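Here's the structure we're looking at; comments come further down.
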Amino acid sequence: MDNFTETNNATRTNIVLAISTGILFGCSFPPIPLGPLACIALVPLLLLTERLRSHRSRFLYSYLTFFVASCIALYWVGGFTHAKDPFLMLAGGLLLLWEPLFFSVIVLSYLVVRRSFGLNAGLVALPFIWISFEWLYALGEFAFPWLTLGNTQTYQLAKIQFAELTGVYGISFWLVILNVLFFFLLTGAMRKKEELSLKTNLAVTGAIAVVYLLPNFYSMTIDENRFSSSGLPPLTVGIVQPNVDPWAKWDDSKTIAGREQQIGEFLRMTGEQKKAGVQMSVWPETAILFDLPAMTGEREKVRHVLDSLDISLTSGYIGYKYYENGIAPAASSVIRGTHIHYDSYNSILYFEPKYDRIQSYEKMRLVPFAERIPYAGSISFLIEPLRWGVGISNWGIGRDSTVFDDSVRHAKFLAMVCYESIFPEFVSAFVKKGAQFLVFITNDSWWGNTSGARQHCQYAVLRAVENRRWVVRCANGGISCFIDPLGRLYQATQMYTRASITGSIIPRSELTFYAKHGDWLPRIAGIVSGLFIAGSVIQFIFFRPKKTLI
């Protein structure tokens, strides 16, 4: 009976530790302004791993930990709050089951090193292992780096300014180091006094204080005045937030009258911005639900209005590419009742007043399953039954990294669609090509009035700081705003409201260390992690104790 009671107590303790990390980790992400929790979120999990002995239990408790975290931070991904689309709910549910697997791999990799080289070596390796896997998770078509640990700090502006050197992965690295130090301090305090002297405890406490305050010291060295002028003329930008129902607008666009009404409302709101001296108007993702550049009549109507207003336009639209028989990609769509193949693209166009050319960009990083089945070209037989009912689960992948060029004002900028803004190196590559400010257009209304839109907005803060660029963020139903190079938000709109805001931004040409060198830190971390893990494997194969036969 005593053994049974002890086992139950141990199990309860393990569950409490696992759930504690899950809660601390999940609650550290926006919109909950508790980012500092991330400094200690992993400590209960590290304590838990020291209690466990079997690989099975380590995996199960790790999975439980990050399932709890995912449910807190990503509860919105399936649109469960409004339950309008079964496919969206299915994809979101699968994601909630998938995310804990990714984090469990990180924990198990740490434990491999810890088993081979001891606790201290494992703790040294952990920050390198953590950001290596975060970086790897941002690669490929399955990428979903939404819960990158550094994303928790977007409300702590004094803590993230060094991201201009390291990107968001440097923030993750810093946070894991703090977790390791807190764990070391806590386990030291739990031992007998003779095992760990007061002097050592004070040294660890001092190390925690220094590491925690280092980002603040860096922030104090920044001269904010260098962001208030750049030698380039400021640009007055207007943002149109129409708050259109994301499901209903697809039905409305099927008729000519419906399309004209949609475009007309956008043009009316843009016209009202003329009084504020707007030079560029920005419309949200898929604001134009047809291939406007390819439709002469509609295109000329829009151009005529923009010419009369002398306002340029950046807008989301649907682009199409049709293929001749025999050369269509395997994952392309087919017009029902025909043999005509095509790809549709979640695109952005740029109109300049009194210029004939139309610049365009096709979205390159697509949301797994919601926008495209990962590696659809290799599993094309699965595409048809998995297409989303509103017709947007089989987007084509763009290939051209366009930097838009304003011929009149001699300004260059990037414009990206929704999900693309969470990929740090992807954004910085456009900055390195000459983008002087950033335009992010999105439609976060699919997920209701939840944390998703607020998280997405906050993550744009990191792109502003990493590249020291102004961000113009235009959303269909919110949140739209301007973000300065220090990560400060201006004129943020309310969710699910129709709004029109204007602001003056300053294009900048100076490149940050991160914009020049990209994800240098996780690449180095990948090498270090690889050496630790390879050493662990070699030790396991060649140096583990041999069992003797009796």
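Key figures for this structure:
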quantity: Matching entry among 454, 469 (being out of contact with any Cys (no Cβ under 8 Å at 6 or more places or on another chain), charged (D, E, K, R) and under 24 Å from residue 371 (Cβ atoms)); calculated: 454
quantity: Selection count where residues are modelled with pLDDT of 95 or more and charged (D, E, K, R), scope segment 426-446; calculated: 2
quantity: Scope segment 270-311; condition touching a Pro at 6+ places or on another chain (Cβ under 6 Å) and either under 14 Å from residue 236 (Cβ atoms) or among the polar types (S, T, N, Q) (or both); matching residues; calculated: 310
quantity: Pairs, first closer than 23 Å to residue 447 by Cβ in segment 416-431, second assigned to a helix (DSSP H, G or I) and of a type in the set (Ser, Thr, Tyr), C-beta under 6 Å, six or more apart; calculated: 422/459
quantity: Count of residues meeting criterion [of a type in the set (A, V, I, L, M, F, W, C), under 24 Å from residue 31 (Cβ atoms), touching a residue at least 60 places away in the same chain (Cβ under 8 Å) and part of a strand (DSSP E or B)] in segment 482-520; calculated: 3
quantity: Residue check, residue 409 assigned to a loop (DSSP other than H, G, I, E, B), modelled with pLDDT of 75 or more and surrounded by 15 or more Cβ atoms within 10 Å (Cβ to Cβ); calculated: yes
quantity: Neighbours by Cβ (under 7 Å, 6+ apart or cross-chain): first from segment 395-409, touching a residue at least 24 places away in the same chain (Cβ under 8 Å); second assigned to a loop (DSSP other than H, G, I, E, B) and open to solvent by less than 10 Å² (accessible area, probe 1.4 Å); calculated: 395/363; 398/363; 403/435; 406/352; 407/352; 408/352
quantity: Segment 208-259, subset among the β-branched types (Val, Ile, Thr) and in contact with a strand residue (DSSP E or B) (Cβ under 8 Å, 6 or more places away or on another chain), residue most open to solvent (accessible area, probe 1.4 Å); calculated: 236
quantity: Filter pass, residue 176 being at pLDDT 95 or above and part of a helix (DSSP H, G or I); calculated: yes
quantity: Matching option when the condition is surrounded by fewer than 23 Cβ atoms within 10 Å (Cβ to Cβ) and under 21 Å from the mean Cα position of the chain (by Cα), among 140, 118; calculated: 140
quantity: Segment 348-378 - residue that is out of contact with any Ser or Thr (no Cβ under 9 Å at 6 or more places or on another chain) and among the aliphatic types (A, V, I, L, M) and, of those, surrounded by the most Cβ atoms within 10 Å (Cβ to Cβ); calculated: 366
quantity: Criterion: touching a Cys at 6+ places or on another chain (Cβ under 7 Å) and of a type in the set (S, T, N, Q) - qualifying residue of 179, 151; calculated: 179
quantity: Among residues of segment 34-87, those that are among the acidic types (Asp, Glu) and either touching a strand residue (DSSP E or B) at 6+ places or on another chain (Cβ under 8 Å) or under 16 Å from residue 111 (Cα atoms) (or both), counted; calculated: 1
quantity: Selection status of residue 11, open to solvent by less than 10 Å² (accessible area, probe 1.4 Å), under 25 Å from residue 186 (Cβ atoms) and among the polar types (S, T, N, Q); calculated: no
quantity: Checklist (1) over 22 Å from the mean Cα position of the chain (by Cα); (2) in a loop (DSSP other than H, G, I, E, B) applied to residue 527, failing item; calculated: (2)
quantity: Checklist (1) in contact with a helix residue (DSSP H, G or I) (Cβ under 7 Å, 6 or more places away or on another chain); (2) part of a helix (DSSP H, G or I) applied to residue 136, failing item; calculated: (1)
quantity: Answer residue from segment 262-275, given it is at pLDDT 95 or above and of a type in the set (A, V, I, L, M) and is most open to solvent (accessible area, probe 1.4 Å) among those; calculated: 267
quantity: Residue 132 vs. criteria surrounded by 15 or more Cβ atoms within 10 Å (Cβ to Cβ), in contact with a Gly (Cβ under 9 Å, 6 or more places away or on another chain), polar (S, T, N, Q) and within 24 Å of residue 183 (Cα to Cα); calculated: yes
quantity: Any hit, segment 445-456, residues being touching a residue at least 12 places away in the same chain (Cβ under 8 Å) and within 22 Å of residue 312 (Cβ to Cβ); calculated: no
quantity: Test: residue in segment 329-340 that is under 29 Å from residue 453 (Cβ atoms) and either in a strand (DSSP E or B) or of a type outside the set (Phe, Trp, Tyr) (or both); calculated: yes
quantity: Index of the failed condition, residue 529 passing every other in (1) touching a Leu at 6+ places or on another chain (Cβ under 9 Å); (2) crowded, with 16+ Cβ neighbours inside 10 Å; calculated: (1)
quantity: Single residue of 475, 460, 453 found to be crowded, with 23+ Cβ neighbours inside 10 Å and closer than 25 Å to residue 516 by Cα; calculated: 460
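One line per residue, one yes/no per condition, for (1) out of contact with any Asp or Glu (no Cβ under 9 Å at 6 or more places or on another chain); (2) under 21 Å from residue 345 (Cα atoms); (3) not in a helix (DSSP H, G or I):
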site	(1), (2), (3)
402	no, yes, yes
415	yes, yes, yes
434	no, no, yes
439	yes, yes, yes
455	yes, no, no
461	yes, no, no
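The values are calculated or read from the model by the stated rules, or taken from the named source; none is laboratory data. In this text, all values refer to a predicted model and were calculated from it rather than measured experimentally. Note that each Cβ is placed from the backbone with ideal geometry, even for glycine, and that neighbours are counted across all protein chains shown. Note: accessible area is taken over every heavy atom of the protein model, side chains too, but ligands, DNA and RNA are not part of it. Shrake-Rupley method; radii C 1.70, N 1.55, O 1.52, S 1.80 Å.
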